[in-house]
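> Okay, here's the structure, questions in a sec.
Nothing in this text is a laboratory measurement; each read-out follows from the coordinates by a stated rule. Bear in mind that the values here come from a model prediction, so they are computed numbers and not experimental data. Note: ideal-geometry Cβ built from the backbone for every residue, glycine included; neighbour counts use all protein chains shown.
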Amino acid sequence: MRLISSDKPTSGYKCKIWVRSTNKINLKKWRSVLPLNPTCQGLPTNIKRFTLIRAPLGSKKSKEQYELIEYGYQFCFFSTSASVLLKILDVIRYPVGVKLKISVLTGGS
């Protein structure tokens, strides 16, 4: 089980994981579960704002405003064997309150 931390591996596997959540605490807990220290890059924060009328038949001047903030990170793993990446993916398979997108590339790509 050898993990390579260089930016461009000559041969092996590269795994990119995009993680998004509306709760920063969930992201920190999820990151602490990772077995190794991958390279990490913060993604831009998405803010969605909603304005709703309070009463369906009442005054249109009384409105409520809400916002949904979504935080994200990108993690990269490099490995010479597929078994290491499969073990990492097995650990992070069932996140709670976190959206995942996983991409695995082979070779030097």
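> Tell me, what is the percent relative contact order of region 47-109, built from C-alpha pairs under 8 Å that lie six or more residues apart?
22 percent
> Using the Karplus curve 6.51 cos²θ - 1.76 cosθ + 1.60 with θ = phi - 60°, what ³J(HN,Hα) values do you get for each residue of region 71-83, in whole Hz, with x for Gly and Pro?
In residue order, the calculated couplings are 9, x, 9, 10, 10, 10, 10, 10, 8, 8, 10, 6, 5 Hz.
> Separate question: Which three semi-axes in whole Å describe the equivalent ellipsoid of the chain, each the square root of 5 times a Cα gyration tensor eigenvalue, listed largest first?
Whole-Å semi-axes of the equivalent ellipsoid: 40, 13, 10.
> As an exercise, use a Förster radius of 25 Å and the Cβ-Cβ distance of LYS28 and SER83 to find the FRET efficiency, rounded to the nearest 0.05.
Rounded to the nearest 0.05, the efficiency is 0.35.
> Which shape class, rounded, prolate or oblate, goes with region 38-90 when its Cα gyration tensor gives a ≥ b ≥ c as root eigenvalues, a/c under 1.5 marks rounded, and past that a/b bigger than b/c marks prolate?
Judged from the Cα gyration tensor, region 38-90 comes out prolate (a/c at least 1.5, a/b above b/c).
> First select every other residue whose beta carbon is under 14 angstrom from the beta carbon of ILE53; then total the charges, Lys and Arg +1, Asp and Glu -1.
So the surrounding residues net to +3.
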